[in-house]
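Contents: one structure, followed by commentary.
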């Protein structure tokens with residue numbers, strides 16, 4: 001006796017819906033009305049349908065995996081992106097394959113070529129270049145590709161955090177705490193994200209109509225501490241009347257290095273000089289003083305990127321995919337390096353308050 005294995009077509013016919021609707025119920029239930037979901041799931045149960053990822057891969061010519069090409073794994077941003085992408089992939093029955101470019105464009109291009117040859121369902125790329133041009137026609141492979149943390153005019157999907165707002169929020173935070181002489185430590189590396197943060201800092205200072213001074217300094221490597229440590233020592237040796245009362249590091253590593261040097265010179269943080277970073281690097285949060293930073297939404301970048309990939313990969317004539325840019329909003333994570341020994345309770349964007357510790361000891365607030 002031959003047993004016929006029910007297919008997605010059988011489920012669609014039994015439920016009285018299209019195959020695309022069945023696919024959405026399995027992969028994107030948020031797109032489908034509750035009544036339709038219930039009807040399709042009832043048909044799945046009655047027919048005994050089991051989704052076969054291997055059969056789906058053979059039918060499409062692609063396997064049930066997604067490739068993530070990250071710039072490197074030496075920063076918590078990349079790791080958080082990978083965590084988010086993996087969770088979204090698993091939620092939809094896909095495996096995530098991760099490749100690190102180790103900050104090398106040739107290596108990055110090779111990884112993309114490999115994923116194209118492996119016929120993965122889609123590719124997430126965190127670009128090293130100032131534009132997609134150096135990768136040539138790799139983006140024209142026919143495999144859905146989403147670019148993370150970078151955007152240009154090319155017709156593809158992008159997921160970015162608003163980096164101009166990252167810089168703006170950092171400067172506004174310092175200004176609202178009373179800082180009048182800001183020093184922004186940037187880098188000579190001309191990445192899009194860096195340029196946008198610079199623009200945000202300058203916009204916030206310009207709004208003060210001369211009441212706040214801005215000094216800018218560049219280090220060669222925003223992922224190394226040595227130059228920023230030397231800068232911190234030079235800041236500490238300047239006369240109080242001319243040195244900054246607030247320092248913003250374009251990355252948390254830069255900001256943490258400045259804090260270390262200032263502490264060595266017995267500069268009180270934040271009472272004499274407040275310091276903060278801009279990229280929520282968990283590798284740099286500890287140290288001499290807990291570091292205020294900006295939440296860069298890396299985990300959400302990964303999840304959103306995979307969601308866009310799968311939206312494009314699953315063909316639905318009723319809801320054709322349209323390329324777009326998803327922009328995620330950053331927010332301030334206040335810590336001791338700017339607000340002192342107070343407890344900052346963060347619930348989300350623009351939603352935090354301070355709790356004064358009793359007897360000079362930091363304690364977590366009671367929750368109901």
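Taking the criterion of being under 26 Å from residue 174 (Cα atoms) and within 22 Å of the chain's Cα centre (by Cα), the residues of the range 301-339 that qualify are 327, 328, 329, 330, 331, 332, 333, 334, 335.
Looking only at residues in the range 109-134 that are modelled with pLDDT under 85 and either part of a loop (DSSP other than H, G, I, E, B) or crowded, with 20+ Cβ neighbours inside 10 Å (or both), the one that is nearest to the chain's Cα centre (by Cα) is 127.
When residues in the range 259-277 are screened for being within 17 Å of residue 177 (Cα to Cα), in contact (Cβ under 8 Å) with a residue 12 or more places away in the chain and part of a loop (DSSP other than H, G, I, E, B), 6 of them pass. Here residue 273 clears all of (1) in the same structural domain as residue 172 (by TED's automatic domain parsing); (2) buried (at least 20 other Cβ atoms within 10 Å of the Cβ); (3) closer than 29 Å to residue 149 by Cβ except the condition numbered (3).
Looking at the structure I just gave you, is residue 287 in contact with a helix residue (DSSP H, G or I) (Cβ under 6 Å, 6 or more places away or on another chain), at positive phi and either surrounded by fewer than 17 Cβ atoms within 10 Å (Cβ to Cβ) or not in a loop (DSSP other than H, G, I, E, B) (or both)? So residue 287 fits the description; yes.
The values are calculated or read from the model by the stated rules, or taken from the named source; none is laboratory data. Please read all numbers here as calculations on a predicted model, not as lab measurements. So basically every Cβ, Gly included, is an ideal-geometry build from the backbone, and we count neighbours across all protein chains shown.
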